[in-house]
Amino acid sequence: MHNLTIAELIKGLQSKEFTSVELTQHFLARIAALNSGYNAVITITADQALKAAAAADQRLAAGNAPALCGVPMLHKDIFCTNGVRTSCGSKMLDNFIPPYNATVVDNFEQAGAVVLGKTNMDEFAMGSSNETSFYGPVKNPWATDCVPGGSSGGSAAAVAARLAPGATATDTGGSIRQPAALCGITGLKPTYGRVSRWGMIAFASSLDQGGPMARTAEDCAIMLSCMASYDDKDSTCVDREVPDYSATLGKPIKGLRIGVPTEYFSEGLNPGTEQAVRAALAEFEAQGAELVEISLPNTGLSVPAYYVIAPAEASANLSRFDGVRYGYRCEDPKDLTDLYSRTRAEGFGEEVQRRILIGTYCLSAGYYDAYYGKAQQVRELIKQDFVTAFEKVDVIMGPTCPSPAFKFGSKGDDPVAMYLEDIYTIATNLAGLPGMSVPCGMVDDKPVGLQIIGNYFDEARMLNVAHQYQQATEWHSLAPEGITAPDGITATERAS
Amino acid sequence: MSNSGWETVIGLEVHVQLATKTKIFSGASTTYGAEPNTQACAIDLAMPGTLPVLNKQAVHYAVMFGLAIDAEIGKESAFERKNYFYPDLPKGYQTTQLEKPIVGRGNVEIQMADGRTKNVRIHHAHLEEDAGKSLHEGDFRHGVSGIDLNRAGTPLIEIVSEPDMSNAEEAIAFAKKLHSIVTSIGICDGEMSQGSMRFDVNVSVRRTGTTELGTRTETKNLNSYKFMEEAIAKEVERQIDLIEDGGTVLQETRLYNGDTKVARSMRSKEEANDYRYFPCPDLLPVIVSDETIEELRRNLPELPDARQARFIEQYGLSAYDAAMIGSDAAMAAYFETATKESGNAKLAANWTMGELAARLNSEDLSINKSPVNAEQLGGLVARIADNSISGKMAKEVFEGMWAGEGSADEIIEARGLKQVSDSGALEQMVADVLAANQAMVDDYINTDEAKRKKKLGGFMGKIMQASKGQANPQQVNQILVQKLNELV
């Protein structure tokens, strides 16, 4: 059952091939057996899941089941879940149990999805390797000595290891697309404003966007149809009808104009990765698409601009974690300053502290114009690059990241090398554009991701394009070895 | 010490709590005086993942203030984050406006006691959220501090004046005028004791005749005119003494404790926070359409200046009375109701400003909390106007109404206070008194005509005594003179 896609699971549930309780038990058993090998799931909500599954089975039996009724899934631990610890991968929130749901969590609940638990992540979504999590690193199911990418590494690894057919994730600078690429799954970061940020713990508010991770574009379409909604609790959420993303997946892509940015195929790109991406482009050409060479001249400025804007916003967003009202508080503070400084020094990890300091510095009197002001100007230029490009093309394609999954610790000492991991993904966040990653090959037995960037609110087209690619290729169907339970007992047997 | 040879320059920053039902960025109630932390929701507590949604009513109120002072309205204003750590500031930043405030330059005309007027320029007014309250030793349990977040997120406009005032009288006239405007247009309840209006006073001094501004200090959070006056006086004196003794004034933030009368430095410029303002990414720019501005302008309640002019015109009040009553929205409404009820504006004005105001003042009550409502006072004024009761009786009736004994008519009836105006009865009363006091009558007759008037008081006393004070004095006087003259 764990090799079935969400689309297939929905069919199976509706045709009573299996029940949601069976399915839920199956995935819970897989998590119990396999998660220790990946550390992808940090909170398991088995009791609630089984209750929800039983309720879903009743609705399925009654014949009035909503879209995702009975389908098990996981939430990234950045989404607040009423009554269930929401840690954001941090010691700071290790004891935090929200009394409310994120809108995304509500949306899946209303669609009848069954939540198995919460996934590991880089602390406060700051990282590209999942090494900054308070709960320890997530291991890449394709190569357990390698990182799964970050910050949504737990969600990506869980989906790759078939611990759940789909998971929610968030993307501030590549946190959906990069781990999706490194774990060989499909992930979509929607247009800024498409998915509500209410209850999604903020890293950099003007860049953060929630999105789906699953094995196929078709599954991402099903998830996004549920995940996206207008929400008056989020002022930056756009009041715009949510299309049925599944409805347009089958459209032929003949005549599609694909922009190929020169800047995305320059130095630093792994040759194997380049080869895989070029092969994918050739496949699109074979299906009748037209490749158009384009330029995004300000690409090189995106990483520096991002590492001013994102930390600046984060430095304010994370001020609320002060030990006063909730979360971690240091032992026996001797005065207010001691309370603040020790709570935050002990509660935040190194990378989070680094970014708070960078952000604080960039916003300081005398530095604001040179850093934050300039970064905002660069952001406009980057946005303009895309606006110009989309006058000539329908989608833009290139690699999701420069190379396949790297080994643990290999970039740990060099923050800048780590930041360059997001060189191809960051620009779309700065521009607010949607982007996705689709498996397109293997290098050194590790997956490679093709990035598809779309115009504003053009997710339906991106999903259609990705689906057409997946109809003709098998990369998304590959499974890492070792994802059957290590003791040889299959998950199904364990569940029964 | 003398202030001669010195000029004072004063500018004000005024925080006005807007009278919205809910907070500026959340749906929690803004009602004053609830149990601590019962009016703070997840957003006010800055729980992770929560987001602000702007209260449209607060925006409209701010625009109304802008229209009231004839200011430029920021058609596209924006919120910024002002970063600093304090336990009563849950997010670790205050959401406020800096670069693009909702209200731009405007003007407020103030009037001094001697009738002199002056224009105070408004630099801008911006929307922001209030912080919570920290309760320290004395207000809270021994050895711990408490945080009450009920106030956190209450909408404020901060009105920033130019340094156009040159003494405490002008500063207070300006503060009172702002109070008058915001209560008249209904955007603030004006309850200063509850912190609905708070004043930060920027003061500097310079030698008379010089034009360069001296170094200013800011005394924060004054919530009464009296404290403002005291704080300004103390600060002016401190600065002059300091300079005359060869020192220099340091730019600093100061606090004044109105109870202990002690002023002290809170922090110097060097210790000032770097607030690291930047645009709040959780909120969109605030766009106010021309249609909305015009609609708010059309529906803007009467402003104090217009109301005062109308009171002179419509009710024949003196300029002084019109200013006294017309500047306070609640008092003006009270007066108009009492006038309508009694049909006598002059008497209604006298009673509103006189007996009522004095009594409210002595019991520290706002007019909205008056035990005697406007209809009741109007009822009393009506009985004075139609001579049913004398002024002296009226005071007794007022006391009865204050004590909750009912309407004027009910009290007059219950206490038998009705004035005797029946001329037949009064003539008999006068005749009886004259007959019983022949010696006084003879004395009157034998007095020179020019001095007879002085003798009337004695008769009046006896007649009023005989009537137990209920005889209408004007009528008695008339009958008495007539009868005595018949005897001469």
Inset, instruction - Step through the table entries B:K133/B:K269; A:K118/A:K383; B:K91/B:K176, compare each Cα-Cα distance with 26 Å, and write down the pairs that go over it. - result: A:K118/A:K383; B:K91/B:K176
Legend entry - Sites B:E244 and A:S341, calculated FRET efficiency, Cβ-Cβ separation with R0 56 Å, nearest 0.05: 0.85
Legend entry - Shielding by other protein chains, A:98-104, mean Cβ within 10 Å: 2
Inset, instruction - Report the charge-dipole magnitude of the stretch B:302-415 in Debye, nearest 20, computed about the Cα centre from +1 at each Lys and Arg Cβ and -1 at each Asp and Glu Cβ. - result: 200
Legend entry - Restricting the stretch A:91-134 to chymotrypsin sites (Phe, Trp or Tyr not before Pro) in coil, as DSSP defines it, with at most 13 other Cβ within 10 Å: none
Legend entry - Calculated [θ] (222 nm, deg cm²/dmol) that DSSP helices of n ≥ 4 give over chain B, each run adding -39,500 (n - 2.57): -12000 deg cm²/dmol
Inset, instruction - Please get the size of the charge dipole for the protein assembly as shown, origin at its Cα centre, with Cβ charges of +1 on Lys and Arg and -1 on Asp and Glu, quoted in debye to the nearest 20. - result: 720
Inset, instruction - Using a 10 Å cut-off on Cβ to Cβ distances, tally the other chain neighbours for every residue of A:313-323 and report the average as a whole number. - result: 6
Inset, instruction - Please get the size of the charge dipole for chain B, origin at its Cα centre, with Cβ charges of +1 on Lys and Arg and -1 on Asp and Glu, quoted in debye to the nearest 20. - result: 440
Legend entry - the stretch B:236-339: chymotrypsin sites (Phe, Trp or Tyr not before Pro) falling in loop per DSSP and having at most 11 other Cβ within 10 Å: none
Legend entry - Pair B:S366, B:N107: separation of 7 Å Cα→Cβ label points (nm): 3.1
Legend entry - Residue (of B:I185, B:I122, A:L463) at the positive-pole extreme of the protein assembly as shown, dipole from beta-carbon charges: B:I185
Legend entry - Given 11 as the ceiling on other Cβ atoms within 10 Å, longest exposed-site-free region of chain A for GluC sites (Glu not before Pro) in DSSP loops: A:1-240
Legend entry - Partners for A:K407 among lysines (Cα-Cα distance below 18 Å; same-chain residues under 8 apart left out): A:K139, A:K446
Legend entry - 15 Å reach of a label modelled at B:E396, 7 Å along Cα-to-Cβ, counting backbone N of the stretch B:448-488: B:464-473
Legend entry - Part-to-part distance (alpha-carbon centres) for the stretch B:32-81 and the stretch A:149-204, which is given in Å: 34
Inset, instruction - Give the long-range amide H neighbours of B:F79: residues separated by 5 or more places, or on another chain, with amide H under 5 Å away, using H modelled in the peptide plane at 1.01 Å from N. - result: B:C280, B:V286
Legend entry - Förster radius 56 Å - calculated FRET efficiency between B:A233 and A:K407, Cβ distance, rounded to 0.05: 0.15
Inset, instruction - At most 16 other Cβ atoms within 10 Å and a DSSP loop assignment: could you name the trypsin sites (Lys or Arg not before Pro) in the stretch B:1-69 that fit? - result: B:K21
Legend entry - Mean Cβ neighbour count within 10 Å, used as a protection proxy, ranking B:114-123, B:399-408 highest first: B:399-408, B:114-123
Inset, instruction - Describe numerically, in nm with one decimal, the distance between label points set 7 Å from Cα along Cα→Cβ at B:R298 and at B:K118. - result: 3.9
Inset, instruction - Between B:A263 and A:L381, take the C-beta separation as r, use R0 = 56 Å, and let me know the FRET efficiency to the nearest 0.05. - result: 0.60
Legend entry - Debye log10 I(q)/I(0) for chain B, one point scatterer per Cα, at q = 0.08 Å⁻¹: -0.65
Legend entry - Two-decimal log10 I(q)/I(0) for the stretch A:231-283, as the Debye equation yields it once each C-alpha is a single scatterer, q = 0.15, 0.20, 0.24 Å⁻¹: -0.77, -0.85, -0.95
Inset, instruction - With unit charges on the beta carbon (Lys/Arg positive, Asp/Glu negative), name the residue among B:G106, B:T30, A:A111 whose Cα is farthest towards the positive pole of the charge dipole of the protein assembly as shown. - result: B:T30
Inset, instruction - Assuming 1.567 mPa s and 4 °C, estimate D for the protein assembly as shown with Stokes-Einstein, Rh taken as the Kirkwood radius over Cα pairs, in µm²/s. - result: 39
Inset, instruction - Read phi for every residue in the stretch B:424-433 and hand back ³J(HN,Hα) as whole Hz from Karplus 6.51 cos²θ - 1.76 cosθ + 1.60, θ = phi - 60°, with x for Gly and Pro. - result: x, 5, 5, 4, 4, 4, 5, 4, 4, 5
Legend entry - Residues of type lysines that B:K392 reaches as a straight line, Cα spacing below 16 Å, ignoring anything fewer than 8 places off in the same chain: B:K418, B:K468
Inset, instruction - Kindly identify the stretch A:342-496 as rounded, prolate or oblate by the Cα gyration tensor criterion: order the square roots of the eigenvalues as a ≥ b ≥ c, call it rounded if a/c is under 1.5, otherwise compare a/b with b/c, prolate if a/b is larger, else oblate. - result: oblate
Inset, instruction - With an 8 Å cut-off on Cα pairs and a minimum separation of 6 or more residues, tell me the relative contact order of the stretch B:211-334 in percent. - result: 16
Legend entry - Residue-averaged 222 nm ellipticity for chain A, from DSSP H runs of 4+ at -39500 (n - 2.57), nearest 500: -11500 deg cm²/dmol
Legend entry - Inter-probe distance in nm under a simple model that places probes 7 Å from Cα toward Cβ, at B:N3 and B:K451: 5.5
Inset, instruction - Heavy atoms only, probe 1.4 angstrom, no DNA, RNA or ligands counted: give me B:I102, A:I358 ranked by accessible area, highest first. - result: A:I358, B:I102
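The values are calculated or read from the model by the stated rules, or taken from the named source; none is laboratory data. Because the structure is a prediction, the values reported are computed rather than measured. Don't worry about glycine lacking a Cβ; one is built from the backbone with ideal geometry, like all the others, and counts go over all protein chains shown. Areas reflect the complete protein model, heavy atoms only, side chains present, ligands, DNA and RNA absent. Shrake-Rupley method; radii C 1.70, N 1.55, O 1.52, S 1.80 Å.
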